[in-house]
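Q: Structure in structure tokens, see below.
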Amino acid sequence: MTQTPPPSRVRAEIDLDALRANVRSLRARAPRAALMAVVKSDAYGHGAVPCARAAIEAGAAWVGTATPQEALALRAAGIPGRIMCWLWAPGDPWREGVEADLDMSVSGMWALAEVTAAAREAGRPARIQLKADTGLGRNGCPPADWPELVAAALAAQARGEAVVTGLWSHFACADEPGHPSIARQLAAFREMVAYAEGEGLDPEVRHMANSPATLTLPEAHFDLVRTGIAIYGISPSPELGTHRELGLRPVMTLAASVALVKQVPAGHGVSYGHHYITAEETTLGLIPAGYGDGVPRHASGRGPVMIGGEWHRAAGRIAMDQFVVDLGGQKVQEGAEALLFGPGTRGEPTAQDWADAAGTIAYEIVTRIGSRVPRVHLHEACAG
């Protein structure tokens, strides 16, 4: 494994070999479907460009983002092949998307009008995918408006302004096994696809499965699965199993360097509000990372850290730039490594442990790690 020096303050180590292994594992779960690696929000905080490259090396046929700006940045960085983006707003850079050969999602008539106008300006057809709202209630075309959108897309295709490359939708509750909405959404998607194809559309891909559906719903795999959080080695939800049970390897390790060690007497208040008071004479350790780095303030008093093989909890409030742990009788020197989370292979906490401490989901823990935390990408060269 690549050796890295201890963090001068805090660092996020990104194990790209683990990401490649996750992509291969997920491909094996859906052997008849292509795989899209979703790298939105800077690859859930892991670094979009290196993660996209590693995913493609491991066999991802598509890369997905939320915003067109994210997709255009990938293309500008030299990421080849199919890149899809789905969160468009009026006035967004449709022409740039056409010229960059992006696959662009269309959920309504206004979007179709803007993307076809951009195609006419660019002098080439736009690659578009029609999104069906099968019950999530966010983006996507509702069933009542689907015939109008399909007819308009067919007309745009006949005029040479668009090529409909896909039909797709998104689950609301795939991370809740047995939820009745899953079957309803699958049925609605099949009906909307059948209608579109009956009207003459012949899409390259039909897709609905996110990470939890890829892991648990083979009937939802269709032509393409869209895997986001799972390629970063994080379970989509505890109900589906731990990352180990799902055969995933967490990709991010967040480590800091203990910045100060000091003795304090019993009855000493710690951090803002003195929500923690030392019960006896003890040793405090200062961790130079806080909510300005993405360490969740809601985990104050509970967020776990491993130092020298021992677990400690954030003592009192997590501040913007730092928090404190009560080391008790443990002997620790300044500069010692503090592991906030990682894959757990050394006994350290995981992102799920921090999610539990903060009352949130592990997606948020990794995605919120801020820009002032340097990412160190390990194993950027593919081992084969």
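Q: So which residues in the stretch 116-159 are out of contact with any helix residue (DSSP H, G or I) (no Cβ under 7 Å at 6 or more places or on another chain), among the charged types (D, E, K, R), closer than 19 Å to Cys85 by Cα and open to solvent by 50 Å² or more (accessible area, probe 1.4 Å), if there are any at all?
A: Arg127, Arg138
Q: Return the only residue of Ala187, Ala230, Ala194 being under 18 Å from Leu19 (Cβ atoms) and out of contact with any Gly (no Cβ under 7 Å at 6 or more places or on another chain).
A: Working: Ala187 fails: under 18 Å from Leu19 (Cβ atoms); Ala194 fails: under 18 Å from Leu19 (Cβ atoms).
Of Ala187, Ala230, Ala194, the one residue that is under 18 Å from Leu19 (Cβ atoms) and out of contact with any Gly (no Cβ under 7 Å at 6 or more places or on another chain) is Ala230.
Q: Now a separate question. Being more than 20 Å from Ala362 (Cβ to Cβ), open to solvent by 30 Å² or more (accessible area, probe 1.4 Å) and either free of Cβ contacts under 8 Å to residues at least 40 places away in the same chain or over 22 Å from the mean Cα position of the chain (by Cα) (or both): is that true of Glu245 here?
A: No, not satisfied.
Q: Identify all residues within the stretch 331-366 that are over 16 Å from Ser257 (Cβ atoms) and in a loop (DSSP other than H, G, I, E, B); write none if there are none.
A: Here is the first cut: in the stretch 331-366, the ones over 16 Å from Ser257 (Cβ atoms) are 331, 343-347, 349-366.
The answer is Lys331, Pro343, Gly344, Thr345, Arg346, Gly347, Pro349, Thr350, Gly359, Thr360, Ile361.
Q: Among the residues of the stretch 266-315, write down those that are in a loop (DSSP other than H, G, I, E, B) and among the polar types (S, T, N, Q).
A: Once the filter is applied, which keeps residues that are in a loop (DSSP other than H, G, I, E, B) and among the polar types (S, T, N, Q), the stretch 266-315 yields Ser271, Thr278, Ser300.
Q: Of all residues in the stretch 340-384, how many are touching a Leu at 6+ places or on another chain (Cβ under 8 Å), open to solvent by 30 Å² or more (accessible area, probe 1.4 Å) and of a type in the set (Val, Ile, Thr)?
A: 0
Q: Looking at (1) under 30 Å from Arg29 (Cβ atoms); (2) in contact with a Gly (Cβ under 9 Å, 6 or more places away or on another chain), find the lone condition where Leu240 falls short.
A: (2)
Q: Report yes if some residue within the stretch 127-141 is hydrophobic (A, V, I, L, M, F, W, C) and either free of Cβ contacts under 8 Å to residues at least 12 places away in the same chain or in a helix (DSSP H, G or I) (or both); otherwise report no.
A: Taking every residue of the stretch 127-141 in turn, none turns out to be hydrophobic (A, V, I, L, M, F, W, C) and either free of Cβ contacts under 8 Å to residues at least 12 places away in the same chain or in a helix (DSSP H, G or I) (or both).
Q: Same structure again: Within the stretch 75-97, does at least one residue satisfy the condition of being under 18 Å from Arg159 (Cα atoms), surrounded by fewer than 19 Cβ atoms within 10 Å (Cβ to Cβ) and of a type outside the set (Gly, Ala, Ser)?
A: yes
The values are calculated or read from the model by the stated rules, or taken from the named source; none is laboratory data. The structure presented is a predicted model; accordingly, all values stated were derived computationally and were not measured. Reconstructed Cβ throughout: ideal geometry from the backbone, glycine too, with neighbour counts over all protein chains shown. Remember, those area values only see protein heavy atoms, side chains included, never the ligands or the DNA or RNA. Shrake-Rupley method; radii C 1.70, N 1.55, O 1.52, S 1.80 Å.
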